[in-house]
1. Are there any trypsin sites (Lys or Arg not before Pro) in segment A:108-210 that are in a DSSP loop and have at most 14 other Cβ atoms within 10 Å? List them by number.
2. With Kirkwood's inverse mean 1/r over C-alpha pairs for Rh, give me the Rg to Rh ratio of segment A:1-512, two decimals please.
3. In the P(r) worked out for segment A:448-603, what percent of Cα pairs fall beyond 21 Å?
4. Please compute the net charge surrounding A:I346, taking Lys and Arg as +1 and Asp and Glu as -1 over other residues with Cβ under 15 Å from its Cβ.
5. According to a simple spin-label model (label point 7 Å from Cα along Cα-to-Cβ), what is the distance in nm between A:S193 and A:N271?
6. With labels modelled as points extended 7 Å from the Cα through the Cβ direction, what inter-label distance (nm, one decimal) is found for A:K455 paired with B:L326?
7. Which shape class, rounded, prolate or oblate, goes with segment B:33-122 when its Cα gyration tensor gives a ≥ b ≥ c as root eigenvalues, a/c under 1.5 marks rounded, and past that a/b bigger than b/c marks prolate?
8. Report, as a whole number in µm² per second, the diffusion coefficient that Stokes-Einstein gives for segment A:504-566 at 20 °C and 1.002 mPa s using the Kirkwood radius over alpha carbon pairs.
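Derivation of every value follows stated rules applied to the coordinates shown; laboratory data play no part. Everything quoted here is computed from the prediction, not taken from an experiment. As a convention, Cβ positions derive from the backbone with ideal geometry for all residues, glycine included, and neighbour counts pool all protein chains shown.
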Amino acid sequence: MNLYTSFMLTTLIILFLPLVTNILYVHKNKSYASYVKLSIVYAFITSIIPTTLFIFSGQEMIISNWHWMIMQTLKLTLSFKLDYFSILFIPVALFVTWSIMEFSMWYMHADPSINQFFKYLLMFLITMLILVTANNLFQLFIGWEGVGIMSFLLIGWWYGRTDANTAALQAILYNRIGDIGFILTMAWFLMYSNTWEFQQLFMLDNNLNMLPLIGLLVAATGKSAQFGLHPWLPSAMEGPTPVSALLHSSTMVVAGIFLLIRFHPLMENNNNIQTLMLCLGAITTLFTAICALTQNDIKKIVAFSTSSQLGLMMVTMGINQPYLAFLHICNHAFFKAMLFMCSGSIIHSLNDEQDIRKMGGLFKAMPFTSSSLIIGSLALTGMPFLTGFYSKDLIIESTSTSNTNAWALLITLIATSLTAVYSTRIIFYVLLGQPRFISMSIINENNPLLINPIKRLAIGSIFAGFFLSFNILPTNIPQMTMPTYLKLMAMAVTLLGFVLAMELNTMTNNLKLKTPSSMFKFSNMLGFFPTTMHRPIPLLNLYMGQNMASSLLDLTWLEKTMPKITSKTQMTLSTTISNQKGLIKLYFMSFIASALMMFLLIS
Amino acid sequence: MKLPILTIVMTTIFTGTMLTMISSHWLLIWIGLEINMLSIIPILTKNQKPRSTEAATKYFLTQATASMLLMFTIVFNAMHSGQWTTTNIDPNNMIVSLTMIIALTMKLGMTPFHFWVPEVTQGVSLMTGMLLLTWQKLAPISIMMQMFTSINSIILLLIALMSVLVGGWGGLNQTQLRKILAYSSIAHMGWMMAILTFCPSLTMLNLLIYLMLTIIMFTMLNMNTNTTTLTLSNLWNKSPTITMMILISLLSLGGLPPLTGFLPKWVIIQELTKNNNIAMATVMAIMALLNLYFYMRLIYSTSLTLFPTPNNIKMKWQFQPKKRSLFLSPLIILSTLTLPLSPVFSTLN
């Protein structure tokens, strides 16, 4: 059993090496990029060993390395929790990252600061692994913030472009709002449970107050782009495609869901929080699927698809199925990363064209990419026995058979059919039909650096679901018996979606152009959410600040109340008193009046 | 005015006040006051302008009314108590004490009978105004100091407070120097009368210092016949020493430590607080700030800033001063630099 610790630590240390040896020039013979890729490969291989050990023996492990500090009664250590979730996630993440690194060696080969790019990707990966293997909330928060910062740096990679900078800032702001919830949870746990370690937290009273759980939910909403804090994810497509593939589909955005999965022992007993998660996830998945229907940028469609799947994961958490959600995370990583890589290949081949209205007919021109695109889309929609089926279908079955919110279930089903719709849309516009792109672009997908990663992930998209499902330890038992129509419901709505979409899309070849309907406008403008929320709220805050500080404090209290009123009073009084008419008659009158008054006063 | 007539009139003024100060029979006091009033009328009308005549008329009317009221009080007191000594006025006799106060404060020019002071002072020349504001105060104050035990302190404090207020606010709106000094006299009378029922020696102290300051102010203003702030602002070139002296005297008049003018205010506030009159002391002290403000305004326009002037003024030929200055230097020294001599007031009894 000692192999556990040594191998896991080896994995982590291998990942650190490219960062540390940057100054030593050990990679003179080959480029820094391939050195990084090679270290990821080695890390992946070494991380398989603890995974297989875990699958064989079912033994979980906690490595508690370094005693950091004690703050009165709170002890902070550097501890790694290698349980079911982290041990299974690490090889998956490393595999996907390996493929993405190789892909970005092709995609970014003309970029002058490609080394920095790889360093950023590596730092991101390290912080993600810190997040996943953390055993206490503090270390998790370090990883949480780390992935946020790396996301900022990577989204704003082409910093000369203002849209990219805005998008990076937007990502940070929305994530920050989620972090408020995280810190709330940390503070609550510090005060009431006196610990940040998971073991102690789960050991104590399970019927918790709602407050820390709501904090966790807010944090997940921010990081995983649930409805309300979602606009950053489509805007994050301003970053290069490898960034979108790694961060915003496979690893970073699932960090929020991962946090909720980590805390599932606390969530199982609280029905209210489960309802909240269910409804939030349902709204997210439907809303983002609607928004994806009318987008014209291929990366944005895939981003909304990611968002929709994240909503689905949240729904799974809402019906108290953390293991299914985790399985969906792992499966989703494969085909989503591959979808992004295919889009990257298409974009680069068409000379940086991202609009699907200007693509078409690539089926014959780029056969390998189109095949993998179709495989990825089918896996996404849950075609039986591809990867997506093993988690997505199970999720739909569980929601159908759980006695929960029927409305949320309905919404989820509609979103599932919409998944098929926009996947068909991508395929139709990009691959089928006659070409609509400029004819002089060089379409070449023959580079092994491009083909091999997509090949690996395609194999993963086909087989990984099966592989994972049949090798994991038994968790909670899925529902086995249900009526036939319920069992076939997911497939039925997906097929319906496919057929409808194909029908509508072929109809558009013969349609007359007319002004878009309001439904179209709603979907295209992302539900008007960014339009209405991004400007007015900060404006109101700034107005309030200006009014309170300038007008109220400076002008009124400090200037008008004391000095001006004093001077005004004095001036009025002095002009009144020195205003004499000079008539002696009046003086005698005042004399008589004063004398009388004094007389009355003392008598 | 021809010299013999001036001598006779001046002597009569002197005699009148002296008569009031040394007598203890009420009738003689009244006679002294009347002589004083009648003989100052020709002085007021000395420069034979309609304005001076009007001022003299106003002065005569108000002072005559006051003397009439005083006579009434004296007779009434004689009727009820059967004696004519100054010090034996019955304080329980309401009418007597009240009308006595009214008459005497009217003579002094305190609120609510203050309306004549600025107008009369403005209507006459500078030196006459000085006579009015200084010499004429001696007689009524001497009367009040003789009978201070029988004065109703509430009424007197009320009158004093109101005088301080009126003196402060009234002076803010003025640019004519004589009116400024008139309102300043109203305010100072208020300070003096406030402490009368508690410690009359302080009234004497305040009176002395006030007299010195007013005399030097008027004298200095008379040297170049400055009657408005505007003319005062040209003083820096003609006689810079006078400018400096005006600065110091005004600051002392406003009661700024470490000049002498601070001394009466200080001890008056101390005596008032000893007698548990803290509110009164606070209000008077705050109102003294207004006095100080309009003196500062004068200082500002004379020495702190230079108003725009034509270039010819800067190259004036400096002539010898021709006007007489009575004891200007010793009075200035006495009225500005003698704060360290403050323990001496304990000998004034």
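1. Details: sites: A:K119, A:R161, A:R176; in loops: A:R161.
Sites meeting the loop and neighbour criteria: A:R161.
2. My calculation of the ratio gives 0.95.
3. Considering segment A:448-603, 83 percent of its Cα-Cα pairs are separated by more than 21 Å.
4. Numbers: positive: A:K299, A:K300, A:R357, A:K358, A:K364, A:R425, A:R436; negative: A:D297, A:D352, A:E353, A:D355, A:E445.
Value of the local net charge: +2.
5. Placing both labels 7 Å beyond Cα along the Cβ direction yields 2.3 nm.
6. Simple spin-label model gives 12.5 nm for this pair.
7. Details: a/c = 3.76, a/b = 2.25, b/c = 1.67.
Taking the square roots of the gyration eigenvalues as a ≥ b ≥ c, segment B:33-122 is prolate.
8. Details: Rh = 16.4 Å.
It diffuses with D of about 131 µm²/s by this estimate.
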